[in-house]
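> The structure is given below, and queries will be raised subsequently.
The values are calculated or read from the model by the stated rules, or taken from the named source; none is laboratory data. What you are looking at is a predicted structure, and each value in this text was computed from that prediction instead of being measured. Note that each Cβ is placed from the backbone with ideal geometry, even for glycine, and that neighbours are counted across all protein chains shown. Accessible surface is based on the protein model in full, side chains and every heavy atom, while ligands, DNA and RNA are left aside. Shrake-Rupley method; radii C 1.70, N 1.55, O 1.52, S 1.80 Å.
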Amino acid sequence: MEVYEGLAIAQGIAVGKIRYHQMPERLGYPHAISDVRQELARYQNAKKQAVAELTALAEEAAAKGDMQEAALCKRQTALLEGAGFSRAIESLVGTEKVNVSYALVTTRDELAATFSSLEDEVVTARIRDVRAVTERLTYILDGLSRERYRLKEPVIIAAENMSPSDVIELDKSKVLGFLTQGGSSLSHTSILVKAINVPSLICVSVQQQWEGRLCIVDGYAGKIYLDPDAALLVEYQKRQREEQKEQAYLRSLKDEEDITADGHRVRLYANIGDLEDLDSALENGAGGIGLLRSEFQYLGRENYPGEKELFQTYKKVTQKMGDKLVVIRTLDIGSEKREDYMGLSVESNPAMGNRGIRFCLERKEMFKEQLRAIYHASAYGNLAVMYPMITSVEEIREIQELVREVKEELRAQKIPYQDIQQGIVVETPAAVMMAGELAREVDFLSMGTNDLTQYTLAMDRQNPHLKDRYREHHPAILKMVDIVIRESHREGCWAGICGELAADTVLTGEFLRMGVDMLSVVPSCILPVRKEIRETVIGEGLVPGP
Ligand code: PEP
Ligand code: MG
């Protein structure tokens, strides 16, 4: 038996076999080859497989009526089958005697650099095709086809690193637990992993040889046991049964109200990152959606979603939630959430770069499409909108001007909408210091403690090396929460927390005594937080809300 330690980001116990999940990080690195003919044959085989995959995808898309997607797959097939692309790859492999994946990545980058200054739409689309085809071929060449996401049996996923899209693509019903070497508790990958509600550890020295071995994950103690002995297995199986009993008790709270033991009502909402999370929010008895991270419709694709597509999604969410409030956070792109088509420049400090509202106010037409979709969808339920990364009153006024224009446009088109509540994500120290002034401009303030912590402590939330210094319960953050609640109430606004801290049951009582009006947490944390709320006595000294 071998024992390893890590940092638990989601609690629980899992027992199962390890599935080592390979990341395509080695792709594109050059190495000399001795047999050019053999390397070219590898390329031809990969090309054949890529054409077969694309043909199947085109047929699948056409059958679903998605003719745009079908045309895209056909264009990429033509690129692969055309002489120009292959000639460039084959000539590089032949003359420089390098591996195909290096030739692919080099050709892609040279093409992109040559045409980067052209703003022609056809050329831009062509470059995107080259990127997509290169990615498909390199995955095939390294044996990393999409098959790796299909799990045949329930397993514990172990990986050196995982990207947010890796988590999205996995069949979550078959994931018993997650172990990763890299990562940090507040990275977006970790936030997605927590939503799955299985025990998960980061900072584990994962090894490829673990593939197929039996493992116990202890998401309470932050330990894993490889090839556990019989006695330990029996002990953990017993703990798993006790855990199941606790889960059953928590499930019994699904339809209970969020009221403290001494009768104070609080709103307990869910954070969702896509439509799958919405089902989980409902299954766990969410009182509303306190944070819809709207980025999911903008990531993993090649151009901006149109207003219609956004509207359909928002309408679906708000209709599904009935009269419960749904707070849509406008696009918080930038930092590690980016796609080529957005044209974001390389930044030396992206967390402090062109992200969130800054990015949107720079691309007003794109931003207005999202606002129009939100206001249009507001006619179908109980929606609210909030804006990320705000630092000043001027930004809010600039947004309000756009909102006015959007409403006018909708009126002119006779599209119904409601005057929905508007809020701010308080996630910069500047917004905390200006909480009173900002509160005067809007209806609510919702604290994004993930970013607020990184900007206040000046510690990158993604950096695993800082994990021992990164104090989520830092008194500076708790003081800030208190200030924001007081300032909001003074100005007649309600105040919530939508960062991960809202799910920390150690702090629930403290937040309630500060007078917080709403806690918004990943769906899997709703019931544990509800239990804590119902057991809390607030007593005297509560800051009265609006
Ligand atoms: C936050 O920063 O706390 C937050 C809720 O937003 P995100 O985690 O998406 O940055
Ligand atoms: Mg944030």
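> Kindly provide the set of residues from segment 153-165 that are in contact with a helix residue (DSSP H, G or I) (Cβ under 8 Å, 6 or more places away or on another chain) and either more than 20 Å from Asp332 (Cα to Cα) or modelled with pLDDT of 80 or more (or both), ordered by number. So that I can check it myself, show each step before the final result.
Narrowing segment 153-165 to residues in contact with a helix residue (DSSP H, G or I) (Cβ under 8 Å, 6 or more places away or on another chain): 153-155, 158-164.
Result: Glu153, Pro154, Val155, Ala158, Ala159, Glu160, Asn161, Met162.
> Restricted to segment 439-459, and to residues that are away from ligand 2 (no atom under 11 Å from the Cβ) and in contact with a helix residue (DSSP H, G or I) (Cβ under 6 Å, 6 or more places away or on another chain), which residue is nearest to Ser335 (Cα to Cα)? Let's see the steps before the verdict.
The initial filter retains those residues of segment 439-459 that are away from ligand 2 (no atom under 11 Å from the Cβ), namely 439-445, 456-459.
Imposing the further condition that a residue be in contact with a helix residue (DSSP H, G or I) (Cβ under 6 Å, 6 or more places away or on another chain) reduces the set to 439, 441, 445, 456, 459.
Working: Ala439: 26, Glu441: 27, Leu445: 23, Thr456: 17, Met459: 14 Å.
Looking at residues that are away from ligand 2 (no atom under 11 Å from the Cβ) and in contact with a helix residue (DSSP H, G or I) (Cβ under 6 Å, 6 or more places away or on another chain), I get Met459.
> Output yes when any residue across segment 378-395 is of a type in the set (Ser, Thr, Tyr), within 16 Å of ligand 1 (Cβ to nearest atom) and open to solvent by 10 Å² or more (accessible area, probe 1.4 Å), and no when none is.
Scanning segment 378-395, I find at least one residue that is of a type in the set (Ser, Thr, Tyr), within 16 Å of ligand 1 (Cβ to nearest atom) and open to solvent by 10 Å² or more (accessible area, probe 1.4 Å), so the answer is yes.
> Hey, could you check segment 239-255 for residues that are of a type in the set (Asp, Glu) and within 29 Å of the chain's Cα centre (by Cα) and say which is surrounded by the most Cβ atoms within 10 Å (Cβ to Cβ)? Quick ask: steps written out before the conclusion?
Initial filter on segment 239-255 (of a type in the set (Asp, Glu)): 242-243, 246, 255.
If we keep only those that are within 29 Å of the chain's Cα centre (by Cα) as well, we get 243, 246, 255.
Values: Glu243: 17, Glu246: 12, Asp255: 6.
Ranking the qualifying residues of segment 239-255, first place goes to Glu243.
> Right, another one. Pairs, please: C-beta under 8 Å, at least 6 apart or cross-chain, first residue modelled with pLDDT under 70 and in segment 535-546, second open to solvent by 100 Å² or more (accessible area, probe 1.4 Å)?
Gly541/Arg513; Leu542/Arg513; Val543/Arg486
> Let me ask another. Determine whether Arg358 is open to solvent by 40 Å² or more (accessible area, probe 1.4 Å), of a type outside the set (A, V, I, L, M) and more than 16 Å from ligand 2 (Cβ to nearest atom).
On the way: open to solvent by 40 Å² or more (accessible area, probe 1.4 Å): yes; of a type outside the set (A, V, I, L, M): yes; more than 16 Å from ligand 2 (Cβ to nearest atom): no.
Criteria not met by Arg358.
> With the requirement that a residue be within 16 Å of ligand 2 (Cβ to nearest atom) and either without any contact (Cβ under 8 Å) to a residue 60 or more places away in the chain or in contact with a Pro (Cβ under 6 Å, 6 or more places away or on another chain) (or both), what does segment 408-437 give you? If you could, list the steps in order and put the result at the bottom.
Quick first cut of segment 408-437, residues within 16 Å of ligand 2 (Cβ to nearest atom) only: 423-432.
Correct list: Ile424, Val425, Val426, Thr428, Pro429, Ala430, Ala431, Val432.
> Here's another thing I want to ask about it. Is there any pair with a first residue in segment 66-89 that is more than 17 Å from Leu137 (Cβ to Cβ) and a second that is open to solvent by 60 Å² or more (accessible area, probe 1.4 Å) and charged (D, E, K, R) whose Cβ atoms are under 9 Å apart and which are 6 or more apart or on different chains, and what are they?
Pairs that qualify, where the first residue is more than 17 Å from Leu137 (Cβ to Cβ) and the partner is open to solvent by 60 Å² or more (accessible area, probe 1.4 Å) and charged (D, E, K, R), are Asp66/Glu60; Glu69/Glu60; Ala70/Glu59; Ala70/Glu60; Ala70/Lys64.
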